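Shown next, in structure tokens, is the structure this report addresses.
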Amino acid sequence: EDPSLSSSTQNSVAPELPGFYYDPEKNRYFCLLPGHNNHNPLTKDSIQHKAMECKRLRLLEEEEKQNQKTTRAGLNSSVLLQKRQLGLLSPTSYCRLVHELKVNCMQRRKIEIHSPDSSVAGTNNFKIIVADVACERIFTVNDVEHGGCKYGIINLSGLGKESLTVEMYDNLYFTNRKVNSVCWASLTHPDSHFSLTHFSKLCLMGIAETPGCASLLPASLFSSTNPGDRPGMLCSFKISTAWSCAWCLNPQADNCFSTGLTRRVLVTNVVTGHRQTFGTSSDVLAQQFATQTPVLYNGCRSGEIFSIDVRQRNRKGQSWKAIRLFHGSAVTSVHLMEAEHYLMAADMAGKIKLWDLRTAKCVKQYKGHHNEYALLPLHVNEEEGLLIAVGQDCYTRIWSLQDAHLLRTIPSPHPSSKDSIPSVVFSSRLGGSRGVPGLLMAVKQDLYHFSYN
């Protein structure tokens, strides 16, 4: 059963009649009132919202009672161990199935947030959380009550303890622009003898016609040690209306990042300032660089996915496009798999597809995701064989990468709404090499940890 479905669509006995609502509790139809104002309480939207809220509360109650059921028949730890000892399961398959069991047993725990400034912690809603490569730190974007966004870093070293330490400073890292995309970056400054780790933030204006900017900030800005020695903003690039950003880790395109703009792609070298522009026929909503080659993958509003080799010079037309794939709706997220032979993509029709780049064919589809217009990311953990995505209905869903089986649907701890879609981070080592596995979920002003227990 998909919790995102309304009660009217699940009830196969009572057909849906235009202008009427069927109440399964009272077993009768009621006339829907026109309009969406406060004087008409019985509207289709309010009915669907009430049904969704009832299902969310029911699922939360089941989780608190630890009534999670195994999604595969006959799958339990004793059966898996027996098959492993009999040689019926390979080590890879055994580990994958064990992770599936652990995902179904994850329990939610609210994390207490501390901050050097006690007036800052817990005052603004989380909008985006992004982990670095080692999952030792989480970069956060928080909405500010009077408009705009501010940034901070969560240190995950204390995740196994009772609380986390959140380093966040009010007004010091504030923007009145809308932050739409964030990525971590690694950059060696030419004037220094040591390597600094930075993250690139793409800041967008709330109005589409207003120019925005891409800012690169050093992570040391958010350190509480030696505040007088902290450098300022590394660089800020003025750009037109932008939707996405990506950082290149391939040495052949060193110190370069890309921004997906309206009908074009802009690749910028942060050291030299050199820019390459590639014209497109649609807005670029999602981007990711390959690591083995300096190739950039782009997902467009038109549903097209194409790749660019950034070593080539600008060309007119579309002759520079290498691989071209097509979705039926706007592509909101792309994720290149580790071997770089496969690409995962999600769109605004709620479809998640795994593409074979060698044959340009879709080999798997992951069903159950819900999206209509939001830019929602995908989270792929190949080591444990899991795919995680948060839908516009505020449910976090976890699939098996191997057979696209939906393993678990996690309801949001808060009522579903457009401004309370959870942002998540999943890793087998939250907090570094000696960290704990699990899922971090940021909703409203709260942070939750779903731990492998």
Net charge over other residues, Cβ less than 14 angstrom from the Cβ of CYS135 (K, R count +1; D, E count -1): -1
Cross-link partners of LYS50 among lysines (Cα-Cα below 17 Å; sequence separation of 8 or more within a chain): LYS26, LYS418
Entries in LYS367/LYS444; LYS150/LYS444; LYS127/LYS238; LYS238/LYS444; LYS321/LYS361; LYS127/LYS351 that, when Cα-Cα distance is taken, lie over 19 Å: LYS367/LYS444; LYS127/LYS238; LYS238/LYS444; LYS127/LYS351
Solvent-accessible surface (1.4 angstrom probe) belonging to TYR94, in square angstrom, nearest 10: 50 Å²
Chymotrypsin sites (Phe, Trp or Tyr not before Pro) within the stretch 328-393, DSSP loop, no more than 16 other Cβ atoms inside 10 Å: TYR373
Table column - 3J(HN,Hα) (Hz), the stretch 101-110, Karplus curve with 6.51, -1.76, 1.60, x for Gly and Pro: 5, 5, 4, 6, 9, 5, 10, 7, 9, 6
Accessible surface, 1.4 Å probe, highest first, among residues SER329, SER307: SER329, SER307
Highest average packing first - 416-425, 441-450, Cβ atoms within 10 Å: 441-450, 416-425
ARG109 accessible area, 1.4 Å probe, all protein chains in place, Å² to nearest 10: 90 Å²
Probe 1.4 Å, protein heavy atoms only - accessible area per residue of the stretch 290-404 in square angstrom: 41 Å²
Accessible-area value, LYS26, 1.4 Å probe, nucleic acids and ligands omitted, Å²: 140 Å²
Theoretical gain in end-to-end length, ALA322 to GLU64 [0.36 nm per residue, Cα-Cα removed]: 87.9 nm
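The values are calculated or read from the model by the stated rules, or taken from the named source; none is laboratory data. If you're wondering where the values come from, they're calculated on a predicted model, not measured in any experiment. Note that we place each Cβ from the backbone using ideal geometry, even for glycine, and neighbour counts take in every protein chain shown. Each accessible area value is taken on the protein alone, full model and side chains, heavy atoms only, with ligands, DNA and RNA left out. Shrake-Rupley method; radii C 1.70, N 1.55, O 1.52, S 1.80 Å.
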